[in-house]
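The values are calculated or read from the model by the stated rules, or taken from the named source; none is laboratory data. Because the structure is a prediction, the values reported are computed rather than measured. Cβ placement follows ideal geometry from the backbone for every residue including glycine, while neighbour counts extend to all protein chains displayed. When the accessible area is computed, the model is the full protein with side chains, heavy atoms only, and any ligands, DNA or RNA have been set aside. Shrake-Rupley method; radii C 1.70, N 1.55, O 1.52, S 1.80 Å.
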Amino acid sequence: MNPPFGAGGAPRFVRGRGRGGGVGGYRPYFFFKRNGRTIPACGRGGGGVNRGGRGRGRGAPVPPLVCNTQNPISSSFLRPHFYAAPDDAEQNVSSMAIDTPNSCAGWRLYFYGETYDDNSEIARRLRILERHFHGNAASYDLLTIQKQGYFMINANVLRNDKELYQQWPTLMEDMLHRPRKTLATVALAMHSAATLAALDASLSQQECTKKYYVPKVIKPRKIYARPVAFMEERPMNAIGKFELDQLYCVRGIVTSIGPVDASATWVAYRCGRCKQEQSMKQSGPQIVRPYSCKRDGCLAKAGFVELRSSPFTRITPRQMIRLTESGLEVSSSPEIQTKASLSIELRHDLVDTIYVGQEIVVTGILCIRPLQEQNQFDKYSVFGNQMEIYMKGTTIVDGKNVKYKFSEEDIEAITTINSEIDTFKLLVHSLAPEVHGHEMAKAGVLLSLFGGSGSQEHDEEEINILLVGDPGVGKSNIVDMCSKISQKGSMVQAKRGPFTNSKKLTVNVKGRTNYIMECGELLAARNGHCSIDDIDRLTTQMEVFMNVLQAQMTSLTFPALFSSFYAPTSIIATANSIRGHYDQSKTLTENIRIAPHLLSEFHLVFVLLDKPNKGMDTSLSEHIKAVHAGAKKNAAIAKRFEIRSNNTMNMTIDEHDTTECGEYDLSEKLKLKPDEEVDMNLLPIALMKKFIVYSRQQLKPLFVDAASEELKKFYLELREQAEGSQFSISSGHLAGLMRLCQARARADFSSEVTPVHVRDVVCIVKQSNNDMALGDYIDTNPATAAAISTTTQRGTGTQANVRKFHQILQMRSSAISRRMFEFDELKDMARRVGISCGVTNIVDILNLQGILLKKGPNMYEFMSD
């Protein structure tokens, strides 16, 4: 049915028996929806006059608006300070007549409701931008832009053009606050310049013949502008209602990717009588066709032909993704564990350009979905509430190519921290300060957070750490803090049973027809660290861990879906003993539920034992008392941030120290002295994270010749010692040693890896190897087993126990390259060979024989000669 003359289409809301008449008939100026009903904002009407029976005739005057003033409906939320119309309100048209001005052929591709005028402000800006594009040929390849359909518009390039700034001084402000119209103007200018360049290139080619084919030059389609560097990254929680329809920039990790939907948003038609072309906007599953011709005087109501090859027939691919915020300002408070997220709508060339787990920087326009678009979004809105704020993405940049921004206060704080006497020691004790007495394990975890710098060909940074030991020693606290300090950290709690069933660690697929890929924790920590508590409980995921640790790859196998993902993720995991407490009489593989081939992929393995030690227990109690009493607050460090310091990045260890590596003990150096218990001020999580991220971002240390030789010597020693052990040493361990040395240099802000750094890494690796060898030299070494069995056959008295104890002491000293032992360590070695009592008597006998010399309270030196 045709609409009445002069009405401009069927009314959106009609009251009364006819179209415009009836009792109380009126037409509201605007309306809103509530509970599925369409309600006029001016009230329900009533008390009106019937002005036309069943309707107005052609040309009848429009009746005045009559509102019910006795019982009006409140519409205060529609006032200007609560609702602002978008800056492209003139673009919200349902149809348009296609006309191509001679001066600007692509006008209707970008401006739907405005008429082109050569003397307008937009026309003047178009001419300025065209001169800018032609004058900066190095930045804009017109032929390539015309083929690919988009181009990058860099703010720095625009700022360098003084003529452009003089003619359009408000360009940057317009781009931030009126991005739709500004981007349309910039893209239209590029469309004109690229079209002329393509025509010139085609005219210079030879004609198409039977022997030589020349591609046909078709009418170019729409070109899109992608703004870059117009604004800095901003947090997602700062998005307010007053910033809708403005440019915004966020940084985050892609956690969900929806299906790609391609639909016709505009369809061009040609009138069968006058050949006038027009384009109709499509908004929904039903096709919208024209009901009248746009040319004046043409009364055609049907016979319109679809123009599917017209540039005004637009097929728009679209994809929805979910972005979870990542950055330095992400809250690490224990009360708030969730991170902000935002839905991003990708269109055209941005579709299928990202993958799950990727860190990207998105620039786009903040929008809220209109009421009239709810129906078409129903079947695709899988990311939350339909009326939520989302972003229409205009530019996507990989997070690797965009460095984190640090303020002057951050740089000053980092410099102040590095100017401490021993920065590495300060960082070690600031990592999980509740855990006391396991400095070597914390030092290894800290090196994993710094990561390696890779080589000239590959950027390999992964350093995998495994913490094994008794329950209650603080393993969970260490990995939990690592997930907060890491540049890209995630946490997996294997103690929660439903976790592994409800969500995979890599990629999860939801939906039956429209598949949605969700990112797991391993991919979310890509190029970062994934902290796993109780990895031995994830028995069904061991194959996934093996692929990630070995090849840094994981795959998704799903019906009609198959894909592989690159996952360079560092894993910091914990594991508990099978029988509760760690049994030192058995090997490491017998104590935990982890296969040996998976265990060999960890670069460092530490065994944290809860040994009864009076000195250590006293120190631990004093440490906990000081932490909870506030004696180790960060006030001293925080005060230094307010004072400008001229200290430069310096080494925390003297490079000219000529102490031999064999006599150097890093564990003793990392222990807090009684006077340092009060003087040391621990660092907060925020400062540690910025310190580590800044070091990873700025430094890629290289090996000096002396450090390379020392590392080579240590690697060859490890290869010789691994011949009789169940854990082999391969070239992968050499790469791990190199990354550990580079991480140690990063902790000192050094651009070179020196022998001092190698010495510290050697001490940490030796400690890890000693922990892995607990019980190994008793159970797996055939020579040891034969010696012990022979000794057992000789006698079971005191002399036999002394001989057994002497043999195990000699093997232990050669294995760890150390001669000083505490009395508790001697008791542990005696218990391993079956001596449960009389240990003090055996120690006294060896002391009288000159084999064990007493050097202090509970300290003995083994004389191997």
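Against the numbered list (1) on the phi > 0 side of the Ramachandran plot; (2) open to solvent by 60 Å² or more (accessible area, probe 1.4 Å), Gln286 comes up short only at (1).
If only residues of the range 217-248 that are buried (at least 16 other Cβ atoms within 10 Å of the Cβ) and in contact with a Phe, Trp or Tyr (Cβ under 8 Å, 6 or more places away or on another chain) are counted, the one that is modelled with the lowest pLDDT is Ile239.
For residues that are of a type in the set (Gly, Ala, Ser) and more than 41 Å from the chain's Cα centre (by Cα), scanning just the range 161-210, find the one that is nearest to Leu143 (Cα to Cα). So the residue we want is Ala201. Inside the range 810-821, residues that are in contact with a helix residue (DSSP H, G or I) (Cβ under 9 Å, 6 or more places away or on another chain) and either part of a strand (DSSP E or B) or surrounded by fewer than 18 Cβ atoms within 10 Å (Cβ to Cβ) (or both) make up a count of 7. For the range 401-455, the set of residues classified as assigned to a loop (DSSP other than H, G, I, E, B) and without any contact (Cβ under 8 Å) to a residue 60 or more places away in the chain consists of Ser407, Ala432, Val435, Ser455, listed by residue number.
Among the residues of the range 189-204, those that are more than 10 Å from Phe133 (Cβ to Cβ) and either among the hydrophobic types (A, V, I, L, M, F, W, C) or surrounded by fewer than 22 Cβ atoms within 10 Å (Cβ to Cβ) (or both) comprise Thr195, Leu196, Ala198, Leu199, Asp200, Ala201, Ser202, Leu203, Ser204. Six or more apart or on different chains, Cβ under 7 Å: which pairs go from a residue in the range 296-307 that's assigned to a loop (DSSP other than H, G, I, E, B) to one that's among the aromatic types (Phe, Trp, Tyr) and surrounded by 10 or more Cβ atoms within 10 Å (Cβ to Cβ)? Could you list them? Listed by first residue and then by second, the contacts come to Lys301/Tyr291; Phe304/Tyr269.
When Asn119, Asn154, Asn160 are checked against the criterion of being in contact with a Pro (Cβ under 9 Å, 6 or more places away or on another chain) and open to solvent by 40 Å² or more (accessible area, probe 1.4 Å), a single residue qualifies: Asn154. Among all positions in the range 715-724, there is no residue which is crowded, with 16+ Cβ neighbours inside 10 Å, in contact with a Leu (Cβ under 6 Å, 6 or more places away or on another chain) and touching a residue at least 24 places away in the same chain (Cβ under 8 Å).
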